1. Among the lysines, select those whose C-alpha is under 18 Å from the C-alpha of LYS312, and discard any that sit fewer than 8 residues away in the same chain.
2. Picking from PRO127, PRO147, PRO200, which is most flexible by a Gaussian network model of the chain using Cα springs under 10 Å?
3. Straight-line reach from LYS139: which lysines have Cα under 23 Å away, leaving out those fewer than 8 places along the same chain?
4. In what order, largest first, do HIS301, HIS146 sit by accessible area if the probe radius is 1.4 Å?
5. Please name whichever of PHE83, PRO105, TRP53 sits farthest to the positive end of the charge dipole of the stretch 40-128, dipole taken about the Cα centre and charges placed at Cβ: Lys and Arg +1, Asp and Glu -1.
6. Could you work out the per residue convex hull volume over the alpha carbons of the stretch 274-380, in cubic angstrom?
7. About its Cα centre, how strong a charge dipole does the chain have in debye, to the nearest 20, once Lys and Arg get +1 and Asp and Glu get -1 at the Cβ?
8. Let me have the 222 nm mean residue ellipticity of the chain computed from DSSP H runs of 4+ only, each contributing -39500 (n - 2.57), with the sum over all residues rounded to the nearest 500.
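The values are calculated or read from the model by the stated rules, or taken from the named source; none is laboratory data. All of these numbers come straight from a predicted model, not from anything done at the bench. Quick reminder, even Gly has a Cβ in these numbers, built from the backbone with ideal geometry, and neighbours come from all protein chains shown. What goes into the accessible areas is simple: the full protein's heavy atoms, side chains included, and nothing from ligands, DNA or RNA. Shrake-Rupley method; radii C 1.70, N 1.55, O 1.52, S 1.80 Å.
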Amino acid sequence: MAEILGLGMTHYTGLRFVDAEMSVFLQRTLKGGDVPEAMKDPANWPEPMRDEWGEDRGAAAAAIHRKRHWEAFDRMKRELDSFAPDFVVMWGDDQYENFVEDVVPPFCAYIAENFVSTPHLQNPDRPDPPNAWDEPEDKEFRHRGHPEGAAWLVEKLSERGIDIPYAYRLRHAKGLAHAFINTLLFLDHARTGFAHRLVPFHVNCYGGELIRTRGGQSAPGGGAAPRGPPAPAPRAPFEPPRAGGGPRGGAPPPRAPPAPSARACFDLGSAIARVLADSPWRVALIASSSWSHAFLTARNHWIWPDHEGDRKRLEELRGGRFASWRDLTHEEIESAGQHEFRNWILLAGAMTELGAGAEIVDYIESWALNSNKCFAVMRP
Ligand SMILES: [Fe+2]
């Protein structure tokens, strides 16, 4: 008989790097041209941000940050292991990894037996800091999929009038996209093994920014990168539609289409919960993303996240009022730099459907380490 467990966590790429360079996203943003000169000087930063940055560009704060994260990930892993799911459905953002110029779906479920990933591979144009495990650059990670469950989910959603894009193969050169491989690397940070089978469920969290910024690689902060892996070169030059309606032309599109709405995410999460509740499987649902991202938060000059916005979401989660996330507007989400929060809105839809509350395992704020991170267990 079906049983469902909900978990929320992060895939913060900074944790992949050594403590001394965990602040790499802030370092990159500060080198960009869009941050006001005055705000490049730590003397003008809020005091808690100066404290984190310290004299070591955040290295000491990073060690504390990592310790709390590994403890929270250990708890998430214990929850998963004791629940013993037949498979895990994980919601994560696709940042110009599989969703590129030729097709940008709102969502995509991946139906595959195995996933092979090489997350440490370097982009020579913009090398990442050394990885925290001192693993070789070409190390391969293998994870098992659950093609029967993934295909069944797509089919049953379709029977209810919800037709979801799906794919049989990842197009990202490094295998699983950052949101998924990071989460798996962190759940297994001690490298004892991760045996659970995975259905990656990608969400276009970046909406209109996805193509223009190549998934945030050239975010407004001026070169901040939200993830370790570099984007692959576009398969073909992006030629936006001509103003006169022609198929190709030089004029930029007046406005790129948005990400799926909060309502679409919430309702899809609800529908997935309904379908899985009628399934023969035990399924863990994981929403993976940090909340507000500094490099997406214009009001803070792209250098620290929107703490007020995230604290509101935290209180709604803690108080069992997360059904209200269905009503968040694009403006509310994106002005708070919470683009990736859409992954959590899917979880909120599913858990509302199942009548679950939330236990907050940890809520980790940061100024200099790009984002705030929440860990939650949601049990129907
Ligand atoms: Fe992400």
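1. Answer for LYS312, where 18 Å is the Cα cut-off: LYS373, listed by chain and number.
2. PRO127
3. LYS77, LYS174
4. HIS301, HIS146
5. Farthest towards the positive end: TRP53.
6. With only Cα atoms used, the stretch 274-380 gives 90 Å³ per residue.
7. Numbers: 43 positive and 52 negative charges, 101 e Å.
Dipole about the Cα centre, nearest 20: 480 debye.
8. Details: 10 runs with 114 residues, N = 380.
It comes out at -9000 deg cm²/dmol, rounded to the nearest 500.
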